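The values are calculated or read from the model by the stated rules, or taken from the named source; none is laboratory data. Everything quoted here is computed from the prediction, not taken from an experiment. Cβ placement follows ideal geometry from the backbone for every residue including glycine, while neighbour counts extend to all protein chains displayed. Side chains included, ligands, DNA and RNA excluded: accessible areas come from the protein's heavy atoms. Shrake-Rupley method; radii C 1.70, N 1.55, O 1.52, S 1.80 Å.
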Amino acid sequence: MEFYQLTYFLAAAQTQNFRKAAELSLVAQSALSRQIAALEDELEVALFTRHKKRVTLTTAGQEFALYVRNAMEQLQEGQQFLAELQAGQRGTVLIGCIESLASAFLPALFASFHQRYPHIRLKVRVSHTDELITAVEQGEVELGLILDPRLQSELLIVKELYRQPLHLLVSARHPLAQMKASAVTWEQILAEPFILLDETSRMGQITKRIFAQRELPLHPLVEIESVEGLKEMVRQGIGVTLTLPALIRPSQVGNDLALLPIAGLEEEFIFALVYRRVGSISLAAREFINTITQQTMISSPGTRT
């Protein structure tokens, strides 16, 4: 049994398609199929049921996948331990991040990280959550900072950082911001012009889902792709929007913008860090993971008001 056979196996389990698994593994489909068949011969059990255009794990394959994932994680930890012994405190962390966190969360985090590791550089790709998940899976970035991760991936580890409820974002000069009520109501929200992030963003998808679940009408005055453009429109009093506190820079709250709790809205949304289960992570990336974990434990953005 070879390491690369287990890597091919996990890729096929994730994609349920040998061709896609081969593309992720950067090998020919025939080579991947042959190695998985050899693995099945060695184990003397069928791991996949072959269909015309896809494959599915057998019961034995599902159980075996659990052991393989655990073994890969332990192997990755062992590789990381050996790398740390070499004291390689230099390198570049390739990280993907949604736009809002790139401006509201990442700068302060990297400032703290840079004090401890001044020779490690950061290269950031800003994109939507779904695109970042794909980039991490394909090894284009090492880490991803994402919102509301709705995935079950054989190839990724999802580390929850913190959770937050939705708030109404209004201009600091808006009448709702001057009220002494503990929370705004949906009736008050529906009476305001609404600004919506477009549906390619996770925040836009969340907003539409919340309105649909409550059977509330959603007719945005403006639908926009830019997070900064949306916040500027809210600041100028053009309309209101739903957002999460971590997506707003602390310096903006109180001066330009106000975050208002919403009555009866208790659902919380997850901010998470994702990275590959298969293959080693660079020492620089591992230290960045540790910094993120420590920072969110000490001072979660969920405490902002």
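Taken over the range 37-83, the criterion of being among the acidic types (Asp, Glu) and open to solvent by 80 Å² or more (accessible area, probe 1.4 Å) is satisfied by Asp41, Glu42, Glu44, Glu63, Glu77. Annotation: of all residues in the range 130-140 being under 11 Å from the mean Cα position of the chain (by Cα) and among the acidic types (Asp, Glu), the one that is most open to solvent (accessible area, probe 1.4 Å) is Glu131. Within the range 181-222, being out of contact with any strand residue (DSSP E or B) (no Cβ under 9 Å at 6 or more places or on another chain) and among the β-branched types (Val, Ile, Thr) holds for one residue alone: Thr200. Applying the criterion of being outside any helix (DSSP H, G or I), of a type in the set (A, V, I, L, M) and within 20 Å of the chain's Cα centre (by Cα) to the residues of the range 238-258, the residue that is farthest from Thr185 (Cα to Cα) is Ile248.
Does Ala284 qualify as being open to solvent by less than 40 Å² (accessible area, probe 1.4 Å) and either at pLDDT below 90 or of a type in the set (Phe, Trp, Tyr) (or both)? Answer is yes for this residue. Scan the range 238-252 for residues that are among the β-branched types (Val, Ile, Thr) and open to solvent by 40 Å² or more (accessible area, probe 1.4 Å) and the total you get is 1.
Of everything in the range 103-129 that is touching a residue at least 40 places away in the same chain (Cβ under 8 Å) and assigned to a helix (DSSP H, G or I), the residue that is nearest to the chain's Cα centre (by Cα) is Thr129. Thr200 satisfies every condition listed in (1) out of contact with any Pro (no Cβ under 8 Å at 6 or more places or on another chain); (2) within 30 Å of Glu287 (Cβ to Cβ) except (2).
The set of residues in the range 167-193 being within 17 Å of Pro220 (Cβ to Cβ) and hydrophobic (A, V, I, L, M, F, W, C) consists of Leu168, Leu169, Val170, Trp186, Ile189, Leu190, Ala191. Looking at the structure I just gave you, is Val222 more than 23 Å from Ala263 (Cβ to Cβ) and at pLDDT 95 or above? It is true that Val222 is more than 23 Å from Ala263 (Cβ to Cβ) and at pLDDT 95 or above.
Number of residues in the range 188-215 that are closer than 23 Å to Ile270 by Cβ and in contact with a helix residue (DSSP H, G or I) (Cβ under 8 Å, 6 or more places away or on another chain): the value is 8. Counting only helices (runs of 4 or more DSSP H) that sit wholly inside the range 141-237, those with at least 1 residues that are under 15 Å from Leu247 (Cβ atoms), open to solvent by less than 30 Å² (accessible area, probe 1.4 Å) and without any contact (Cβ under 8 Å) to a residue 24 or more places away in the chain are 202-213, 227-235.
Restricting attention to the range 266-281, the residues being assigned to a loop (DSSP other than H, G, I, E, B) and crowded, with 18+ Cβ neighbours inside 10 Å number 3. Given the structure, is Arg34 modelled with pLDDT under 95 and open to solvent by 30 Å² or more (accessible area, probe 1.4 Å)? No.
Could you please let me know if Gln16 is at pLDDT 90 or above, open to solvent by 70 Å² or more (accessible area, probe 1.4 Å) and either under 28 Å from Asp148 (Cβ atoms) or touching a strand residue (DSSP E or B) at 6+ places or on another chain (Cβ under 7 Å) (or both)? Against the criterion (at pLDDT 90 or above, open to solvent by 70 Å² or more (accessible area, probe 1.4 Å) and either under 28 Å from Asp148 (Cβ atoms) or touching a strand residue (DSSP E or B) at 6+ places or on another chain (Cβ under 7 Å) (or both)), Gln16 qualifies.
The condition of being of a type in the set (D, E, K, R) and within 30 Å of Arg69 (Cα to Cα) does not hold for Lys180.
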